[in-house]
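Step one of this worksheet: look at the structure below.
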Amino acid sequence: MIPLSHDEKNPLYQQIYDHIRIEIMDGKIPQGEKLPSTRFLSSHLQVSRSTVELAYEQLVSEGYIEAQPYRGYYVSDVSDLLDLKENSQQPKEEEPKRAKNRMLETHIDFSPFAVDLEHFAFNAWRKVNKNLLSTDNADLLTAGDGAGEPEFREEICNYLYQSRGVICEPSQIIVGAGNEYLLMLLSQILGADRRVAMESPTYVQAYETFLNLGYQVCAVEMDAQGISMEQLRSEQADIAYVMPSHQFPMGTVMPMKRRMELLKWAAEDENRYLIEDDHDSEFRYKGKPIPSLQGSDQNEKVIYLGTFSKSIAPAVRVSYLVLPKKLVKVYTEKCGFYASTVPKIQQMTICNFMKEGYFERHLNRMRSSYKKKHDFLMDEIKKRKWIRKVYGDNAGLHVIAEIESHFSDEELTKLAQGIGIRIYPISEYYIDKNKVPEYPAILLGYGGLTEKEIEQGFRELDKIMLFF
């Protein structure tokens, strides 16, 4: 329990920061430990969420903790800081503690969000950037169109039609800095008094974003074909957030019949919409690419959400919405005065990267690289008797492995962290924790790993999985 005093001169966020910092420095909260979510801690301490966020941001900026996308806040390696403290207080006695901290360092991270940066088209990216800046183009330094540069939106429009079967005009596309910003924008277009149905398990960051925006969120279970239509109809939702082409984290591909059922559900009520998050659609290693749900929509009910974070790089925080035509007018009225959150120079770099054919070649190269890693990972999985089943293979950048163990997936994750391997428990992605499956399951990402690291990672995992 963190003792807080409302009478102190120190603000509440400073008191929270001080308490956690001291606990970390004293070793009471070890490296790799996950901190409570900002929502939970604010409720537990009965303070505003922004107060906890300020404390966490201060800890992040000073290196005590790190924010991991989609997962939360974790204690960083503070051994250097501990060394300073130990040198001044206990020079030799604390060596075992430092050794323990080193043991907890992550050597191999099976992150489902990591990408292969070694094969990134640096030369092409550099060339595009150089050409863009070769003349004194002052226009690149202006604010630009709030919805995104027209030339860039036209390029996105062409790409989406050719690769995903999305039917739209450039005027329907809104460019923004990340999915979270665009979901915030969407809440202003649609209004926050909405009930959103989400597949469970799901993309946790979207779930947290919807909660922060004031939406009611209901968890809908999945079957072999995707979101359960029977439960969706019983939830009285007016928005359904779905990932039909490659559901995260399960990897389910929604068949055409279920897609038609979803579109029919949306068309039954004027206020209903589908948000199609086209997660990982670029990377498919078997069969033809699955067209978007938006391309089958005849009633302007699908809001399409896409990003360049995985197709190019995570640092490229550029996402885009494709709005139904009837919502474009609402966007203009309510949000048309907003400035763009993506610098014009970044938009035009990606635009020219696409226009000059580099993007398509880059995707082809990455598909080839990821397929090799995928196949290598699957070969390693086949050698492991402790893996019962595999889900979500042949697409995306991760698979789900169901484990033969009496330990929970969270316990297995902690055991793996103890030997320097990071894996991701499926239970973290369930909205309703009572629905977590009987057998533990973990996400094994391979996008950011080499074949050697994948092989080494499995050898290390054998040490715990074969005995626990």
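Readers should treat all values here as calculations from the given coordinates under stated rules, not as data from a laboratory. Source: prediction; values computed, not measured. Cβ placement follows ideal geometry from the backbone for every residue including glycine, while neighbour counts extend to all protein chains displayed.
A few notes on this one:
- In this label model, Lys389 and Glu333 are separated by 4.8 nm, measuring between points 7 Å along each Cα→Cβ vector.
- A full extension of the chain between Ala138 and Phe467 corresponds to an added length of 112.0 nm, given 0.36 nm per residue minus the alpha carbon distance.
- Database remark: amide H of Val318 closer than 5 angstrom to the amide H of Gly178, Phe308, Ser309 (H placed geometrically; neighbours at sequence offset of 5 or more, or on other chains; Pro and chain starts carry no H).
- Table column - 3J(HN,Hα) (Hz), region 459-466, Karplus curve with 6.51, -1.76, 1.60, x for Gly and Pro: 4, 5, 5, 3, 5, 9, 5, 6
- Derived scalar couplings ³J(HN,Hα) [region 121-137; Karplus, 6.51 cos²θ - 1.76 cosθ + 1.60; whole Hz; x for Gly, Pro]: 7, 4, 4, 5, 4, 5, 5, 4, 5, 5, 4, 5, 9, 6, 10, 6, 8
- Think of each Lys and Arg Cβ as +1 and each Asp and Glu Cβ as -1; about the Cα centre, that makes the dipole of region 123-359 roughly 540 debye.
- Bridging of Lys326 to lysines at a Cα separation below 18 Å is possible for Lys301, Lys334, once same-chain residues fewer than 8 apart are set aside.
- Distance violations [Cα-Cα > 20 Å] among Lys34/Lys433; Lys371/Lys452; Lys127/Lys452; Lys34/Lys414: Lys127/Lys452
- Percent of Cα-Cα distances greater than 17 Å, calculated over region 361-465: 52 percent
- Summing +1 for each Lys or Arg and -1 for each Asp or Glu among the other residues whose beta-carbon sits under 13 angstrom from that of Arg49 gives -2.
- Each label was represented as a point 7 Å from its Cα along the Cα-to-Cβ direction; for Glu300 and Leu117 these points are 4.3 nm apart.
- Annotation for region 127-182 versus region 418-468: alpha-carbon center distance of 37 Å.
- In a reduced charge model with +1 at each Lys and Arg Cβ and -1 at each Asp and Glu Cβ, region 227-367 shows a dipole moment near 580 debye about its Cα centre.
- Ordering 363-370, 280-287 by mean Cβ neighbour count within 10 Å, with the highest value first, yields 280-287, 363-370.
- Here, the chain yields an orientationally averaged convex hull projection of 25.6 nm² when only Cα atoms define the hull.
- Charge dipole of region 311-468 about the Cα centre (unit charges at C-beta), most positive-ward option of Tyr430, Tyr370, Gly457: Tyr370
- Packing-based ranking, highest mean first, of 352-360, 297-305 given that Cβ atoms within 10 Å are counted: 297-305, 352-360
- Local net charge near Ile239, Cβ-Cβ under 10 Å (Lys/Arg +1, Asp/Glu -1): +2
- Net charge contributed by nearby residues that have their C-beta within less than 13 Å of Glu149 (K/R +1, D/E -1): -2
- Taking amide hydrogens as placed 1.01 Å from N in the peptide plane, the amide H of Ile303 sits under 5 Å from those of Leu274, Ile275, Glu276, each at least 5 positions away in sequence or on another chain.
- When the Cα gyration tensor is reduced to axis lengths a ≥ b ≥ c, the ratio a/c is 1.5 or higher for region 287-414, and with a/b above b/c it is classed as prolate.
- Long pairs among Lys288/Lys435; Lys310/Lys373; Lys288/Lys372; Lys264/Lys435; Lys288/Lys325, criterion Cα-Cα beyond 21 Å: Lys288/Lys435; Lys264/Lys435; Lys288/Lys325
- Part-to-part distance (alpha-carbon centres) for region 42-57 and region 8-30, which is given in Å: 13 Å
- Rounded to the nearest 10 degrees, the inclination of helix 49-61 to the longest alpha-carbon principal axis of the chain is 70 degrees.
- Helix-only [θ]222 nm of the chain, DSSP H runs n ≥ 4, -39500 (n - 2.57) each, per residue, nearest 500: -13000 deg cm²/dmol
- 3J(HN,Hα) from dihedral phi, region 403-415, Karplus parametrisation 6.51/-1.76/1.60, rounded to Hz, x for glycine, proline: 9, 8, 6, 8, 8, 6, 5, 5, 5, 5, 5, 5, 4
- For the chain, the Cβ-based charge dipole about the Cα centre amounts to some 1120 debye (Lys, Arg positive; Asp, Glu negative; other atoms uncharged).
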